[in-house]
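These notes are about the structure you will find just below.
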Amino acid sequence: MGKKELYDESSIHVLEGLEAVRRRPGMYIGSTSRKGLNHLIYEIVDNAVDEHLAGYCTKIRVTLEKDGSCTVEDNGRGVPVGIHEKGMPAERLVYTTLHAGGKFDHDAYKTSGGLHGVGSSVVNALSVWMDVEIKREGYIHHDHFSHGEADLPLVDGKLPTMGKTKETGTKVRFLPDPEIFEVTRFSATEVKSRLHETAYLNPNLEITFEDLRKEEKEVLVFSEPDGIVGFVRDLNKNETAVTEPVYFEGEEEGIQVQIVMQYVNEFHENILGYCNNIFNADGGTHLTGFKTAFTQVMNSYARELGLLKDKDPNYTGPDIRNGMTAIVSVKHPDPRFEGQTKTKLDNPDASRAVAKIVSEESPHYFDRNLETLKSILACAEKSAKIRRSTERVKSNLLTKQKFSFDTNGKLANCISRDAKECEIFIVEGDSAGGSAKTARDRQHQAILPIRGKILNVEKASIDKVLANAEIKTMITAFGCGFSEGYGNDFDISRLRYDKIIIMADADVDGAHIGTLLLTLFYRYMPELINEGHVYIAMPPLYKVIPAKGEGEYLYDDKALEQYRKAHKNQKFTLQRYKGLGEMDPDQLWETTLNPATRRLRRIEIANPGFSSEITDILMGTDVPPRKTFIYEHARDAELDI
Ligand code: 28F
């Protein structure tokens, strides 16, 4: 076969590959919401991190450019530019073929982190244009792509150069395609938090973030020489620490293991699992290995120290982990993932390796740090006490639930019992609740009015949470029970409603109630959010009624501004809604209840590793940051019209 023929074949292959990515972007980057958009940056950054892990890159710079594009630059070796056997510069293959990661097939630590480790060509396929500059072998080599296809002519079969340099590295700039993505503005908050996380996991890497989109540009440098120890300290920075961070590391069966844990004065556990620097939202074998071994180690210490007598049962795992913040990070040469989203580590040897390191390293540490050991066991004892009393409350709650659905008469349930077609609206205030009950579709829509502010679960112990009337009603109505540090009794298959819709006013109080409810769900019923059952209703702010023609609802000030511009010389009446309570049932139906005309936003957790921290910060402090939370979430949520 001649060279030319090969080239044609491979270029057809390239086009088919790009087409597949553009046709089903969700398959490659998860979604086309803001989450998927931000993911483009992480794909490129991950390649630079791989170059760091290979031992060559110490600095990465990420810039959100004024024109909406993003630049990522590293000081590694630069992507190879030599002519590949298929007659193209190697660099072009990397940016145009799916899975063209030659080095990745050899490199032990790049077997893709699971979710979507598919790389540069996917980002290229989903971009209007991509520009690549490679500093290598004395020159700056240049390449450019449009919609994933190279459009710079080669010079003597090679990439054109744009000058000489002594430096090395790779610079990639790309503009996401608005025809693919629902939104095209990167979320600085999210990107920063992910870059910070990457810095914690790579202690010798410096990552600079730059946002040039605002009037006043923002520059941040993430450098975390203390690694995951610093990560845990920072996750806990707003809590009262009960112990110092405890750090173990080791290698077993070719798997590197790093563990850090710290106890705080809180009523929950927060344990994050990473494999090859990628967060595993659903945990997996590394976490089970850690939990099993640590429970065993702590129970034997408790007996050794006489805190548990022969007749006493062991502490449960959750007793021991209550108040614990921990990070378990493994480097595995051949990771496997299970579950729909491929975010749960599945290798049994990871469990063995972590368990072995915990059992071997614990005595080394605790024999020298007896105070820490005693503090941890004191936490366990306290938790066990609360657990026993909670078990009594819980069994009461569950027996009641069997007999009556509507505990205190406030829930107006729907007639249908087919969860797939049922919705429940949680409505702020009795007056809006009353209108909603009149206006709703009784067959499919249930209304649960809640009065005033619900309990801030972040600040309350589990027994208080369960004693709260509004919370009890919600748990009973949803039908799934709840999960917390003492055991998971939550059963999503029993969920009575496909959609749980928070309906609150578009003001500060409404935002606060939304935040409180989301915090409750996030802490005690996280699967509701993770499986996409939680929504926020978006009631309109205005109605405009022109002299002639149909009235129209407008959902924010920007929409009003646009309407004004588009109807410059026309007269119209402007109605401003102060609150849900002011709408009559017909208006409420049309704007908020009617599936055909309403607007809902689905809540998704942007960065699971950090969201626990975010909730802590926002619910633990005063007002201004809380607002940020709800707006960020509202913006990051997927629009579901
Ligand atoms: C801004 C994003 O993508 N950095 C990268 C390298 C370095 C090599 C490489 C990348 C070789 C044959 C694929 C260099 N020298 N930053 C980045 N830096 N890719 S991506 O190799 C890719 C493979 O096919 C590199 C020697 N070996 C590898």
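The values are calculated or read from the model by the stated rules, or taken from the named source; none is laboratory data. Since the structure is predicted, the reported quantities are computational estimates derived from the model, not experimental observations. Cβ atoms come from the backbone with ideal geometry, glycine included; neighbour counts cover every protein chain shown.
Some notes on this structure:
- Candidates in segment 56-83 are the residues that are touching a helix residue (DSSP H, G or I) at 6+ places or on another chain (Cβ under 6 Å), over 17 Å from Ile41 (Cα atoms) and aliphatic (A, V, I, L, M); of these, the one that is nearest to the ligand (Cβ to nearest atom) is Val79.
- Neighbours by Cβ (under 7 Å, 6+ apart or cross-chain): first from segment 72-88, on the phi > 0 side of the Ramachandran plot and touching a residue at least 60 places away in the same chain (Cβ under 8 Å); second part of a loop (DSSP other than H, G, I, E, B) and near the ligand (Cβ under 10 Å from one of its atoms): Gly78/Thr168
- Residue, nearest to Thr58 (Cα to Cα), within segment 207-221, restricted to residues that are of a type in the set (A, V, I, L, M, F, W, C) and not in a loop (DSSP other than H, G, I, E, B): Ile207
- Any hit, segment 403-419, residues being farther than 25 Å from Tyr524 by Cβ, surrounded by fewer than 14 Cβ atoms within 10 Å (Cβ to Cβ) and either modelled with pLDDT of 95 or more or not polar (S, T, N, Q) (or both): yes
- Just one of the listed residues (Lys565, Lys548, Lys499) is surrounded by 20 or more Cβ atoms within 10 Å (Cβ to Cβ) and either of a type in the set (Lys, Arg) or at positive phi (or both), and it is Lys499.
- Restricting attention to segment 416-436, the residues that are more than 16 Å from Met474 (Cα to Cα) and in contact with a Cys (Cβ under 6 Å, 6 or more places away or on another chain) total 1.
- Annotation note: of Leu6, Leu53, Leu40, the sole residue that is closer than 18 Å to Thr96 by Cβ and at pLDDT below 95 is Leu6.
- For segment 197-209, the criterion of being in contact with a Lys or Arg (Cβ under 9 Å, 6 or more places away or on another chain) and surrounded by fewer than 19 Cβ atoms within 10 Å (Cβ to Cβ) is met by at least one residue.
- When segment 207-222 is filtered for residues that are free of Cβ contacts under 8 Å to residues at least 40 places away in the same chain and out of contact with any helix residue (DSSP H, G or I) (no Cβ under 6 Å at 6 or more places or on another chain), the ones remaining, listed by number, are Lys214, Glu215, Glu216, Lys217, Glu218, Val219, Leu220, Val221.
- Cβ pairs under 6 Å, 6+ apart, first in segment 573-586 and of a type in the set (D, E, K, R), second surrounded by 15 or more Cβ atoms within 10 Å (Cβ to Cβ): Arg576/Tyr542
- Candidate set: segment 229-270, residues that are part of a loop (DSSP other than H, G, I, E, B) and charged (D, E, K, R); chosen: the one modelled with the lowest pLDDT: Glu266
- Qualifying residues in segment 456-510 (those that are more than 24 Å from the chain's Cα centre (by Cα) and of a type in the set (S, T, N, Q)) - the one modelled with the lowest pLDDT: Ser461
- On inspection, Ala355 passes the criterion of being closer than 21 Å to Lys331 by Cβ, out of contact with any strand residue (DSSP E or B) (no Cβ under 6 Å at 6 or more places or on another chain) and of a type in the set (Gly, Ala, Ser).
- Residues that are closer than 29 Å to Ser187 by Cα and basic (Lys, Arg) within segment 553-610 comprise Lys558, Arg564, Lys565, Arg598, Arg599, Arg601, Arg602, listed in sequence order.
- Scanning segment 84-101 for residues that are of a type in the set (Asp, Glu) and either near the ligand (Cβ under 9 Å from one of its atoms) or surrounded by 23 or more Cβ atoms within 10 Å (Cβ to Cβ) (or both) yields a single hit, Glu91.
- Restricting segment 292-348 to residues that are of a type in the set (S, T, N, Q), assigned to a loop (DSSP other than H, G, I, E, B) and buried (at least 19 other Cβ atoms within 10 Å of the Cβ), the residue that is modelled with the highest pLDDT is Asn347.
- Checking each residue of segment 271-279 against the condition of being assigned to a helix (DSSP H, G or I), in contact (Cβ under 8 Å) with a residue 40 or more places away in the chain and more than 23 Å from Asn47 (Cα to Cα) gives no match.
- Any strands (runs of 3 or more DSSP E) falling wholly within segment 137-191 and containing at least 3 residues that are over 30 Å from Ser33 (Cα atoms): 139-146, 161-164
- Counting only helices (runs of 4 or more DSSP H) that sit wholly inside segment 423-511, those with at least 3 residues that are farther than 27 Å from Gly317 by Cα and touching a helix residue (DSSP H, G or I) at 6+ places or on another chain (Cβ under 8 Å) are 430-439.
- Matching residues, segment 237-248, being farther than 25 Å from Ala355 by Cβ and of a type outside the set (Lys, Arg): Asn238, Glu239, Thr240, Ala241
- Those residues of segment 349-392 which are among the hydroxyl-bearing types (Ser, Thr, Tyr) and under 29 Å from the mean Cα position of the chain (by Cα), in sequence order: Ser351, Ser383
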